[in-house]
Amino acid sequence: MNRKHKLLSIGEAAKLTGASIKSLRYYEQLNLLKPAYVDPSSGYRYYTVNQLYLVGIIKLAIEMDIPLKEFTHILNDDGHVNFQALSSLAKESATKKIQMLEHGLKFISFFEQQFALQEKYPVGPIYTRTIPEKFLYVIPYDKTFHSQLHYEVVNLFFDLPYDETSDDSISLEHGFLLEHSAKGTQRYVFIEVPRRKSNYRPIPAGEYLCRKGNPFGIEQTQEIFTGYLGETSSFIAIETEIISSDININNPVSELRVTTL
């Protein structure tokens, strides 16, 4: 009896495992799944029933994001599968997936909170809201903030540190800071940092006057808040792009915040 009559064709193996014929051929190229028999005249591949079990293991590894190259530690040339190694890799991969999903859910939750907050305030009118204490890493900027200098200003952000390992990093803000006093006006580009550090600038908590509008309105702080700020008032103004449920990428909205010193 012809040997291939006791075996499964590549099409049958694909149907029974749910893996495509292309995938089975790819596994063969990686030396993970060698056909039990290759017809010398047609080149057709044939597999044993037991090999279907191996296809299931390979598919599981793919679903768990285990690199197939790691199978050199899992599958021996003689067909033995090291389940201890597979279990360790699967657990490590699953843990990373869970962490990624948890981070994603936290990211979504943060956005939902921002949506709810920003929907309370329309664009244009001045309003008051409580801002918590923040710590900023700042870079002095010696020019007037203006939309025509947008790219030059934005490029400064590449020089700012960013703590990607912090659980609070999702909510960190960045933008422009203007400090006005009788001595003059100081301008900075900033990014918020997740915790107090001696070399970072603290911004006090408190009630801030705020207004939502087009970016780079920070230079018109005194005009925008006329009646609230005197001509010689000392104040800190902060402008940061806000997150809303309906964002126009080409025409973003920023929140301008000001508090007196």
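Read-outs: derived from the displayed coordinates by stated rules, not from any lab. Nothing here was measured: the structure is a model prediction, and the numbers come from that model. So basically every Cβ, Gly included, is an ideal-geometry build from the backbone, and we count neighbours across all protein chains shown.
In table form, for the structure just shown:
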{"read-out": "Loop sites in the range 28-123: GluC sites (Glu not before Pro), DSSP, at most 15 other Cβ within 10 Å", "value": "119"}
{"read-out": "FRET E, pair residue 123, residue 158, Förster distance 30 Å, beta-carbon r, rounded to 0.05", "value": "0.55"}
{"read-out": "Taking 212, 69, 97 and counting other C-beta atoms within 10 Å, the order from fewest to most", "value": "69, 97, 212"}
{"read-out": "Fewest-first sequence of 111, 145 by Cβ atoms within 10 Å of each Cβ", "value": "111, 145"}
{"read-out": "For the range 3-95: rounded, prolate or oblate by the Cα gyration tensor [a/c cutoff 1.5]", "value": "prolate"}
